[in-house]
C-alpha cells in the first residue's frame, strides 16, 4: 500500500478534535485529547517538526496565561499561595491591579483555560503535520485554485523571512554591530523584507513561465456572474451564521438562509470551474478509510457533547472550591474512538532505504 | 526556431538600453552559450526569449521576438510554457510544490494535460535526468546539483522544444556541475532540443557549445562560433589561454583536444624541471593566526565538523575545497565565532572567537559571506562604507577594487563583481589578520576574478592569513599556497596546492589535466617557465 489518506480527512479529524476541546475545560478530557493527537502524529511519523512547534506554542500559551493571572487579575478568594508586591493604581482603574495576593484557586482556574487554548493549538499542529496545508490546497476545486496559490505563496514567504532574518543577523555580527536591541531589529528589518520580496518575485516568474494562470475561453460577462454569485452566496451564509448563533434574532434568517447561501456559493464554484484549464496529477481519492477517519473524529466531538447531556457539569471542572475533575464515560469512549486512525491508516512510504541508495549512486558518480 | 528581429529593450527607469538592435536567428537543435560581463544584459536576453521580458519586468521592447513562429508580444510567458522552458538562477526559489514528483507535474497541471499523459511524462523525465530514486524526496533536502536537475525536469515535462537556463552550474561543485551538463548534452543529442544558456564558468561549458552569443555592455549581441569567440575574448578559460600561449591551431576548447596538441609543450616543460611560482608566496609564512584542535561542531543532531585539526599561518592562502555540505562554510562560521564548538579547541590570535563581542571579532577576523549583499544595510554605497567608523580607508580600498563605481548607487543595484568589491572593502578596512571568503567567485566574470586574485596575493604578501572556501579549482590553483579538502566534516587532504589538486581528478585545474603528470597548474606558471627557459 503506498496511498496516503486524503488531506481533507486529516484536517476534518483534527478540527473535530479541536471542536471537542472547545466544549470542555475538564483537564482530564483535554489531556486525553492531547494524548490522542500526539499518539496518532507519532504513529504516522510525518513532518514531526510542525507538531513540535505547535506543542511548544501551546506550552507558551499556558505559561503566559498563568503569568498574567498571577500578575494582573483580581484573584478568586481562597488559599493564598504567595503575596507579590502590589502597585497601587488610581481609583479610575478599579478592577485592574498589578501584583498582590495569588491564590491557588485562581491559578488552577487559569490553567484550565490555558490548557483548553493549548489543546486547540496542538490539534491544529496535528493537522499541519499529518497533511501539509499545501497538500490540502491541492484538493481545492479548480475555481478556488488561484486563491489557494495566493495562500501557498504567502505561507512560503514566512519561512523565507525567517531564513533571511537569520542571515541578516549573522551579517550584522560580521560587521561588528549589535544583533539585539530595537535599533538592531529595525536596521535588519528592511534587508530582510527586500530579500523576502525578491524571492517571492522570483517564484512568481517561475510560476508564470510554467503556465500558471492560463485561462480557457470564458466570456467576461460569465466571469462577472460567477464572482457575484459567489459573493452573494457567502454573504448569505455569513448572515445565516449570525442568525443561528445570536439569540434573539428572527428564526427565519437561520437555517433556510444558510442552505440557500451555501447552495449559491457551491453553484458559483462549480460554474467557475468550467473556465479552468488545470488538471490534477494523481488526485487524492476519497474512500471508505477517509469516511472512517472523519467518523472517529466525530465520535470524539459527540462523546464530549453527549457527556454534557448525560452528566451536566462534568465538562467544566470547578476551581472554587478546587475539586477533582470528573471523568464522564461518553466523553472518554468518544475520545478513545478517535484513536482509530492510528491503527487504520496506511503508513507513508518507507523512504530511508531509497535515500541511502540514492546517495550511494550519487557518490559513485 | 528563435528569431530576434531588430530588438531593442530598455528598463522602465534606465537611461540607456539594455539590448540594442539584436538581430539573430537560433536554429533548431543547437546548444547556444550566452557570455558577457556581469550586468551586461545576459539575463535580460534570456528572459526575452520566453516573454518574461517585457511582460513580467516592464520596460519597452521594440522589434520582434518569436519562438516557433509565436510572437512574444501577443504571448505572455504562460502561453509559451509549452514551447520554451525557462530555468532561473536559483532553482530553490522557483519551486512551487514540496516534492520532486509534484514539482515535475506542476507545469503539466497548469497546462491541463491528461492524467495518463502526466504519469507517463513524469516517469520519462525521472529516468532521463536520473532522478527516479529521489521521486518522493522533499525538494529542500536535495543537493544543489539535484535541485538544478529537478528544476530542468520541471520545465521539460511540458514538452518544450527550447530550454533557456540562467547560469545553471555557477553555484555547483565540480562533480554536480558535471551531472547537470551531462543531462543537458543528453537533451541536445538525444532529443534534439535547443538549449540557450548563460554561464560565467566558461571552462566548464564552452566545449559543449555549438555557438556563442556575446552580449556587450553597450547591449549589442555578437553571434559567432566558439573558437572565433574565444580567439577574440580578452580573458578566456585556462585551456584557451594555454592554447593561445602555445600557439596551437585550431584553438582547442576542451581539455581533450588540448591534450592531443600538448606533447611538444610537455617535453619543453619537463626539461625545465620544477615549475616557478609567480606571484605566489610559498614557504614564506609567519606565526600561526588560527588554530583548531579536534574541532567538533554540531547543528542539533547533525555533526558538521567531526574533529578537525588545522593551523593557518600569517601570509598563507588556504583553499578549502570539498562537496557542498562537506563542512566548509561551517568551518568559516566557527572561525568568525558565529557557531560555538561542541568539543575541541579553536583559537584565533589566542582568543576563542565565539566568546568575543562582535565589535572585537571584526578586528580579528573578516568574513565575506557567500552572498556579499547580506553585509549591506545602508541606502547608498557611501553610507555603507562610512557605517563602520573607518570610512576613509574603506573608500580608498574600494577606489582600487572598483574604480568606476558610483558611490551614490544603492548597494542592491550593483553587479555581482561590484558587490564583492564593496564587501571586501568593508571587511578589509578593519585590517583583520585573518580574512575568510566563502565562494567568492560565484557569478564573477574573468576580469573581476583576475582583480580578486591580485588583491588576495597582495594581502597575503602583507602578512594576512587567508582562507577561501571554494569550488573554483582554477582560483585555488591561482592563489592558494595550501589546499585542504573536507569530506563529511573531516579533513581528507591537506598539503601544498600543487600536490593536492593534481592528486585528485575532480579538483585538478585544466592546465594540470592537460599537462598531466607534470605538476604545472596555471597558465601564468607556464608563461613564466617558458620565459625563463628561453633566456
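The values are calculated or read from the model by the stated rules, or taken from the named source; none is laboratory data. Since this is a predicted model, take the numbers as computed values, not measurements. Heads up, the Cβs are rebuilt from the backbone with ideal geometry, glycines too, and the neighbour counts pull from every protein chain shown.
Quick look at the numbers
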| quantity | calculated |
| --- | --- |
| Breaking point among (1) in the same structural domain as residue B:438 (by TED's automatic domain parsing); (2) surrounded by fewer than 24 Cβ atoms within 10 Å (Cβ to Cβ); (3) not in a strand (DSSP E or B), for residue B:493 | (3) |
| Subset of the stretch B:71-86 that is surrounded by fewer than 24 Cβ atoms within 10 Å (Cβ to Cβ) and within 14 Å of chain A (Cβ to nearest Cβ) - its residue that is nearest to residue B:201 (Cα to Cα) | B:83 |
| Residue in the stretch B:319-342 that is in a strand (DSSP E or B) and out of contact with any helix residue (DSSP H, G or I) (no Cβ under 7 Å at 6 or more places or on another chain) present | no |
| Residues located in the stretch B:478-490, provided they are part of a helix (DSSP H, G or I) and touching a residue at least 60 places away in the same chain (Cβ under 8 Å) | B:479 |
| Candidate set from the stretch B:90-118 (those that are at pLDDT below 90 and more than 8 Å from every other protein chain (Cβ to nearest Cβ)); member that is nearest to residue B:166 (Cα to Cα) | B:91 |
| Subset of the stretch B:350-387 [more than 9 Å from chain A (Cβ to nearest Cβ), out of contact with any strand residue (DSSP E or B) (no Cβ under 6 Å at 6 or more places or on another chain) and crowded, with 17+ Cβ neighbours inside 10 Å] | B:353, B:356, B:372, B:381, B:382, B:384, B:385 |
| All positions within the stretch B:496-525 that are part of a loop (DSSP other than H, G, I, E, B), within 18 Å of the chain's Cα centre (by Cα) and surrounded by fewer than 24 Cβ atoms within 10 Å (Cβ to Cβ) | B:508 |
| Any hit, the stretch B:47-69, residues being free of Cβ contacts under 8 Å to residues at least 40 places away in the same chain, away from every other protein chain (no Cβ under 14 Å) and over 30 Å from residue B:441 (Cβ atoms) | yes |
| The stretch A:92-106: number of residues that are surrounded by fewer than 21 Cβ atoms within 10 Å (Cβ to Cβ) and either in contact with a helix residue (DSSP H, G or I) (Cβ under 8 Å, 6 or more places away or on another chain) or assigned to a helix (DSSP H, G or I) (or both) | 9 |
| Residues of the stretch A:198-227 that turn out to be more than 9 Å from chain B (Cβ to nearest Cβ) and either at pLDDT 75 or above or part of a helix (DSSP H, G or I) (or both), as a count | 8 |
| Residues of the stretch A:130-141 satisfying the condition of being within 13 Å of another protein chain (Cβ to nearest Cβ) and in a helix (DSSP H, G or I) | A:133, A:134, A:135, A:136, A:137, A:138 |
| Complete set of residues in the stretch B:228-243 that are surrounded by fewer than 17 Cβ atoms within 10 Å (Cβ to Cβ), in a helix (DSSP H, G or I) and touching a helix residue (DSSP H, G or I) at 6+ places or on another chain (Cβ under 9 Å) | B:231 |
| Residues of the stretch B:364-399 that turn out to be under 24 Å from residue B:332 (Cβ atoms) and assigned to a loop (DSSP other than H, G, I, E, B), as a count | 8 |
| Residue that is surrounded by the most Cβ atoms within 10 Å (Cβ to Cβ) [pool: residues in the stretch B:119-133 that are free of Cβ contacts under 8 Å to residues at least 24 places away in the same chain and within 10 Å of chain A (Cβ to nearest Cβ)] | B:133 |
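Okay, residues lined up against (1) at pLDDT 90 or above; (2) surrounded by fewer than 22 Cβ atoms within 10 Å (Cβ to Cβ):
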site	(1), (2)
B:19	yes, no
B:23	yes, yes
B:34	yes, no
B:41	no, no
B:47	yes, no
B:60	yes, yes
B:67	yes, no
B:88	no, no
